[in-house]
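The structure's right below; bear with me while I get my questions together.
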Amino acid sequence: MSNIYYVGMDVHKETVEVSVFKGMARDSEFEKTFRNDLNELKRFFTTLSKKGSVKSCYEAGCLGYTLQRYLEKETGIECKVIAPGSIPRMANDRIKTDRRDARNLAKLLRSEQLTQVNVPTPEDEAAREFIRSRSSVQADLKREKQRLHKFLLRNGYKYESIKYWTKSHRTWMNAIVFQYPLQQETFDSLYTGMIYLEEKLKRMNKRIEEIAQSESYSEQVNKQRCLKGIDHLTALAIVSEIGDFRRFKSAESFMAYLGLVPREFSSGEKIRRGSITKCGNSHIRLLLVEASWHYVSHKGTGVRVVERRKGQDTKIVAYAERCETRLRRKYNKMIARNKTKQVAITAVARELAGFIWGVMTEQVA
């Protein structure tokens, strides 16, 4: 233990605060602020590694995994990326500085009290970034439609039907004759922006299908597509975000990772449960909630789902059919107990996450 050096790093855009503890020493052996320069950090870690074994860590943040990948590739030093929400903090700690944060990380690394995040492969990270950018475009499109809709309402143009953005709705909008030229210019700007974002979203959706059916992802994606409500987008997002499903020991642990389990405040004879924790990966949680709305329908298995299941392992197909039956019953039972649709769908999403874990870990018996 005395020859092991524990390094905590507080990483920022311009600087990296470093704190080093040797073995079980009470006080840090070395503390310094470095420029956020990979070559400079490499020299520091190379020098330190000559004295003994080195373990390091830093909090996950906006700077991603560049530092972690560089250190492990160039120096061979173990570097963990830590989940910020899982770092223990004392209730009476009212002082926060970069040096104290680095020192705290080094101590917690030594006592093995930190939770490491899954570091994706560069290929998975690239796919994940593309899917997240697609979500941003979708959000931009929604806002652009809201701007256009409110503009028309402010100027006294109200569409009578409740179905918006259909072909007839767009024909109605384009037939409007505005009183002032500036109103027409404003409409043209908003309408053109909406059309541009719609076309961009279509191109991204097509590209996502191509990525999902590439050699790297097709097998895992097609397994998930056997489940109702999950197609290329959701399946690829889950694969790129989660990585290795074997790091979850059970379906329950995967549900908890996605923040789909209830909060609990229990003590003695009192047991209190609340809404879901909303911890972990919010992007996947949102996609699963959206996918769960497919289990509201009583029409049975659709033609597209049947087509997606062709050529897949019969065990996985049977497992997907059990999933469909179970989740539909789950939703109906909760509605019968006067639960709101949103609560019922969240419960369905939780169980859907469990079925996904089963498919990806081949626990389909």
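The values are calculated or read from the model by the stated rules, or taken from the named source; none is laboratory data. Owing to the predicted nature of the structure, the values given are computational and were not obtained by experimental measurement. Here the Cβ positions follow ideal geometry from the backbone for every residue, glycine too, while neighbour counts run over all protein chains shown.
Failed condition for ALA336, given (1) surrounded by 11 or more Cβ atoms within 10 Å (Cβ to Cβ); (2) of a type in the set (A, V, I, L, M); (3) farther than 28 Å from THR115 by Cβ, with all others met?
Condition (1) is where ALA336 drops out.
Each row is one residue, and each column tells you yes or no for (1) at positive phi; (2) surrounded by 15 or more Cβ atoms within 10 Å (Cβ to Cβ); (3) touching a helix residue (DSSP H, G or I) at 6+ places or on another chain (Cβ under 7 Å); (4) modelled with pLDDT of 95 or more.
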residue	(1), (2), (3), (4)
GLU17	no, yes, yes, yes
MET24	no, no, no, no
PHE45	no, yes, yes, yes
VAL54	no, yes, yes, yes
CYS62	no, no, no, no
TYR70	no, yes, yes, yes
GLY76	yes, no, no, no
PRO88	no, no, yes, no
ASP93	no, no, no, no
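From the list ARG43, ARG26, which one is of a type outside the set (A, V, I, L, M), assigned to a loop (DSSP other than H, G, I, E, B) and free of Cβ contacts under 8 Å to residues at least 12 places away in the same chain? Steps first, answer last, please.
Numbers: ARG43 fails: assigned to a loop (DSSP other than H, G, I, E, B).
The conditions single out ARG26.
Moving on. Filter the range 116-151 for residues that are among the hydrophobic types (A, V, I, L, M, F, W, C) and free of Cβ contacts under 8 Å to residues at least 24 places away in the same chain; which is surrounded by the fewest Cβ atoms within 10 Å (Cβ to Cβ)?
Of the residues in the range 116-151, the ones among the hydrophobic types (A, V, I, L, M, F, W, C) are 117, 119, 126-127, 130-131, 137, 139, 141, 148, 151.
Adding the requirement that they be free of Cβ contacts under 8 Å to residues at least 24 places away in the same chain leaves 126, 139.
Numbers: ALA126: 13, ALA139: 11.
The extreme case among them is ALA139.
Hey, another quick one. Which condition number in (1) hydroxyl-bearing (Ser, Thr, Tyr); (2) within 23 Å of PHE130 (Cβ to Cβ); (3) without any contact (Cβ under 8 Å) to a residue 40 or more places away in the chain is the one that THR277 fails?
(2)
Can you tell me which of VAL317, VAL306 is β-branched (Val, Ile, Thr), touching a Cys at 6+ places or on another chain (Cβ under 8 Å) and part of a helix (DSSP H, G or I)? Before the answer, list the steps.
Numbers: VAL306 fails: touching a Cys at 6+ places or on another chain (Cβ under 8 Å).
Unique residue meeting the criteria: VAL317.
Can ALA320 be described as surrounded by 11 or more Cβ atoms within 10 Å (Cβ to Cβ), among the small types (Gly, Ala, Ser) and closer than 16 Å to GLN224 by Cα?
On the way: surrounded by 11 or more Cβ atoms within 10 Å (Cβ to Cβ): yes; among the small types (Gly, Ala, Ser): yes; closer than 16 Å to GLN224 by Cα: yes.
Taking the combined requirement at face value, the residue satisfies it.
Next up: Please find, among GLU264, GLU269, GLU290, GLU252, the residue that is within 27 Å of ALA365 (Cβ to Cβ) and of a type outside the set (Phe, Trp, Tyr).
On the way: GLU264 fails: within 27 Å of ALA365 (Cβ to Cβ); GLU269 fails: within 27 Å of ALA365 (Cβ to Cβ); GLU290 fails: within 27 Å of ALA365 (Cβ to Cβ).
Result of the check over GLU264, GLU269, GLU290, GLU252: GLU252.
Quick test of your reading of the structure: ALA102 fulfils all but one of (1) touching an Asp or Glu at 6+ places or on another chain (Cβ under 7 Å); (2) more than 30 Å from CYS57 (Cβ to Cβ); (3) of a type in the set (A, V, I, L, M). Name the failing condition by number.
Failed condition: (2).
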